[in-house]
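The values are calculated or read from the model by the stated rules, or taken from the named source; none is laboratory data. Here the structure is a predicted model, which means the values were calculated and not measured. Ideal geometry is used to build each Cβ from the backbone, glycine not excepted, and the neighbour counts take in all protein chains shown.
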Amino acid sequence: MATTASAAQAVPQTEVAVELHGITKRFPGVVANHDVEITVRRGTVHAIVGENGAGKSTLMKILYGVQRPDEGAIAVNGQQVDLHSPTDAIKAGIGMVFQHFMLADNLTVLENVVLGAEKLHGIGGGARKEIERISQAYGLGVRPGDLVADLGVGARQRVEILKVLYRGAKILILDEPTAVLVPQEVDELFDNLAELKAEGLTVLFISHKLDEVLKVADDITVIRRGTTVQTVDPKSVTARQLAELMVGSELPTPQTEESTVTDTVALEIRDVTLSAGAGPKVLDDIDLTIHAGEVVGIAGVEGNGQAELVEVVMGMRDADAGRIRFGDVDITDWHTREIREAGIGYIPEDRHRHALLLDAPLWENRILGHQTEEPNINGFLIDAKDAKADTQRIVDQYDVRTPSIHVTAGSLSGGNQQKLIIGREMSHAPKVLVAAHPTRGVDVGAQSAIWDHIREARREGLGVLLISADLDELIGLSDTIRVILRGRLSGEFDPDSVTAEQLGAAMTGADTKEEPA
Ligand SMILES: Nc1ncnc2c1ncn2[C@@H]1O[C@H](COP(=O)(O)OP(=O)(O)OP(=O)(O)O)[C@@H](O)[C@H]1O
């Protein structure tokens, strides 16, 4: 395995865009970054990979001026910089595109781009010209007059990229940019990155999708437990070797699974329809059966009704028509709490809004949503002792990397928050699990551990409604796959034979010429 670590050290200073030297960052009880050394060559895509909690986001936040390092130095284009805020970073030519887009839907692209940067080119013709110039220079295909609400996920991401380029960024940090994209959009993004590189711009790219990293990166730096392990040449490693570098040991070989699907109906959704005013139906006559021991995966471009389907099943929204049965019980009119207590586990899409209290300690988050169930109660009272003991069990069993169960959920890395939520939901031995993007932001090792937990429960008869933007996950975990497009479900796809490209085509309507929402 060839490394470019020494080669990178030897890169002539004139070719270095960013140098991170001896970066250390401590939080109470955790060293998030320890003596990190990275040299980023100008005009390259440099990927940063590592397990959940390895310290990638902290490092990028330091480079974007959101966090201050305790030790170490940062140089941009050979000049040492002191970054106290994102404003300082932007001045130094560094821009960051976050995973959650920060665009106002009801404004145009132009209005979104100039917001807060009115001084650069005004808010009228000058700004429009500049947006068109940047869009053309990097092949972004962004039109200043478009309403953001009308744009799909990939187009919104290009607006976010344009926004940082508009502010003069020459170094772009992209945090898991492909997590929400379908394969065709990923290819388009990679074409855009190639254009950026060709113009001499530099991209730092965080991702858990190692195949994509190998495809797009010029250099890959592996971070393990806060420190840089190696910078490798993507041409000289496989995805498996990269994962092993991340973990620091060999990975187990995945086992193939026998089907566990039974004839017993676990969840039945019949003729469910949901309208949103006068517009097209959000859910259009949805019919879906999930058997005990079966994982039914739903693929779809975001915004095609999958979020609403989950909300209807979980009692957070009333459908206009249709029935939902849990086993032989009609739960159509039940409240969320009753549905959960009856034995439907729920992993929501937005973990910060619906699954965690970020300012509360982990053990209180263990109780959240299950405050009327064992082991969290004793009679009518909360049983803090047993809840704490059980939180520790989840932390151990699901490998939640944390200094203790008393730190706040908000201080955990994104992937570790997700492991805690999954551990909590699986603890109540649900009969049905409604899981929206259960491993989003989770590293490959933790992802396969979570899949194992779900498979084990499936062997015991768990039925799963799986919504995921990760096609590998849908293919790897589902027994049956359906595609949702404009609120309608397609026929069944067999995960053993369908390809990610075929699913991508069905999701975008390329196979039927129907456009996604
Ligand atoms: N604001 C904070 N307060 C306390 N601890 C923190 C804070 N931010 C991060 N940490 C801790 O620092 C470590 C590194 O977290 P970081 O978010 O950088 O990891 P990551 O590699 O980006 O993980 P992921 O892939 O899960 O997003 C973790 O142990 C995390 O719990």
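Could you tell me which of the residues Ile94, Ile90, Ile131 is more than 16 Å from the ligand (Cβ to nearest atom) and in contact with a Lys or Arg (Cβ under 6 Å, 6 or more places away or on another chain)? Full working, then the answer.
Details: Ile94 fails: in contact with a Lys or Arg (Cβ under 6 Å, 6 or more places away or on another chain); Ile131 fails: in contact with a Lys or Arg (Cβ under 6 Å, 6 or more places away or on another chain).
That would be Ile90, the only listed residue that is more than 16 Å from the ligand (Cβ to nearest atom) and in contact with a Lys or Arg (Cβ under 6 Å, 6 or more places away or on another chain).
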All conditions in (1) surrounded by fewer than 16 Cβ atoms within 10 Å (Cβ to Cβ); (2) under 27 Å from Glu341 (Cβ atoms); (3) over 20 Å from the mean Cα position of the chain (by Cα) are true of Ile394 except (1)
So, restricting to helices (runs of 4 or more DSSP H) that lie completely within the stretch 405-517, which ones have at least 3 residues that are among the charged types (D, E, K, R)? 414-427, 444-459
Inspect the stretch 437-459 for any residue being surrounded by fewer than 17 Cβ atoms within 10 Å (Cβ to Cβ), away from the ligand (no atom under 16 Å from the Cβ) and free of Cβ contacts under 8 Å to residues at least 24 places away in the same chain and give the result as yes or no. yes
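Looking at Ile220, is it more than 30 Å from Gly125 (Cβ to Cβ), in contact with a Lys or Arg (Cβ under 8 Å, 6 or more places away or on another chain), modelled with pLDDT of 90 or more and aliphatic (A, V, I, L, M)?
Details: more than 30 Å from Gly125 (Cβ to Cβ): yes; in contact with a Lys or Arg (Cβ under 8 Å, 6 or more places away or on another chain): no; modelled with pLDDT of 90 or more: yes; aliphatic (A, V, I, L, M): yes.
For Ile220, the condition - more than 30 Å from Gly125 (Cβ to Cβ), in contact with a Lys or Arg (Cβ under 8 Å, 6 or more places away or on another chain), modelled with pLDDT of 90 or more and aliphatic (A, V, I, L, M) - is not met.
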So in the stretch 14-33, with the set limited to residues that are over 21 Å from Phe98 (Cα atoms) and more than 16 Å from the ligand (Cβ to nearest atom), which one is surrounded by the fewest Cβ atoms within 10 Å (Cβ to Cβ)? Thr14
Residue that is within 22 Å of Ser207 (Cα to Cα) and either aromatic (Phe, Trp, Tyr) or part of a helix (DSSP H, G or I) (or both), where the choices are Ile131, Ile90, Ile161: Ile161
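Answer yes if at least one residue in the stretch 266-278 is in a loop (DSSP other than H, G, I, E, B) and either in contact with a strand residue (DSSP E or B) (Cβ under 8 Å, 6 or more places away or on another chain) or acidic (Asp, Glu) (or both), and no otherwise.
Narrowing the stretch 266-278 to residues in a loop (DSSP other than H, G, I, E, B): 275-278.
Okay, now just the ones that are also either in contact with a strand residue (DSSP E or B) (Cβ under 8 Å, 6 or more places away or on another chain) or acidic (Asp, Glu) (or both), so none.
Checked against the condition, which is being in a loop (DSSP other than H, G, I, E, B) and either in contact with a strand residue (DSSP E or B) (Cβ under 8 Å, 6 or more places away or on another chain) or acidic (Asp, Glu) (or both), the stretch 266-278 yields no hits at all.
Under 26 Å from the mean Cα position of the chain (by Cα) and assigned by TED's automatic domain parsing to the domain that holds Val153: which single residue out of Val237, Val313, Val301, Val282 fits that description?
Result: Val237 is the single residue among Val237, Val313, Val301, Val282 that is under 26 Å from the mean Cα position of the chain (by Cα) and assigned by TED's automatic domain parsing to the domain that holds Val153.
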May I ask you to list the residues in the stretch 64-76 that are more than 12 Å from the ligand (Cβ to nearest atom), surrounded by 18 or more Cβ atoms within 10 Å (Cβ to Cβ) and of a type outside the set (Ser, Thr, Tyr)? Gly65, Pro69, Ile74, Val76
For the stretch 434-463, which residues satisfy the criterion of being touching a helix residue (DSSP H, G or I) at 6+ places or on another chain (Cβ under 7 Å) and of a type in the set (A, V, I, L, M)? Val434, Ala436, Val442, Val444, Ala446, Ile450, Ile454, Ala457
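Considering only the stretch 34-62, state which residues are polar (S, T, N, Q) and near the ligand (Cβ under 7 Å from one of its atoms). Steps first, please.
Of all residues in the stretch 34-62, those polar (S, T, N, Q) come to 39, 44, 52, 57-58.
Hits for the stretch 34-62 are Asn52, Ser57, Thr58.
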If Gln80 satisfies all but one of (1) in contact (Cβ under 8 Å) with a residue 12 or more places away in the chain; (2) polar (S, T, N, Q); (3) closer than 27 Å to Gly55 by Cα; (4) outside any loop (DSSP other than H, G, I, E, B), what's the number of the condition it fails? (1)
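If I ask for residues that are aromatic (Phe, Trp, Tyr) and modelled with pLDDT under 95, which ones from the stretch 288-347 would you list? Outline the logic, then answer.
We begin by selecting, within the stretch 288-347, every residue aromatic (Phe, Trp, Tyr); these are 326, 334, 346.
Result: Tyr346, single match.
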Looking only at residues that are in contact with a helix residue (DSSP H, G or I) (Cβ under 8 Å, 6 or more places away or on another chain) and among the acidic types (Asp, Glu) in the stretch 62-106, which one is farthest from Ala17 (Cα to Cα)? Asp105
So, in the stretch 360-404, exactly how many residues are out of contact with any Gly (no Cβ under 6 Å at 6 or more places or on another chain), touching a residue at least 24 places away in the same chain (Cβ under 8 Å) and in a loop (DSSP other than H, G, I, E, B)? 10
Within the stretch 403-419, of all residues that are hydrophobic (A, V, I, L, M, F, W, C) and near the ligand (Cβ under 8 Å from one of its atoms), the one farthest from the chain's Cα centre (by Cα) is Val407
Meets criteria (out of contact with any helix residue (DSSP H, G or I) (no Cβ under 8 Å at 6 or more places or on another chain) and crowded, with 17+ Cβ neighbours inside 10 Å) for Gly124: no
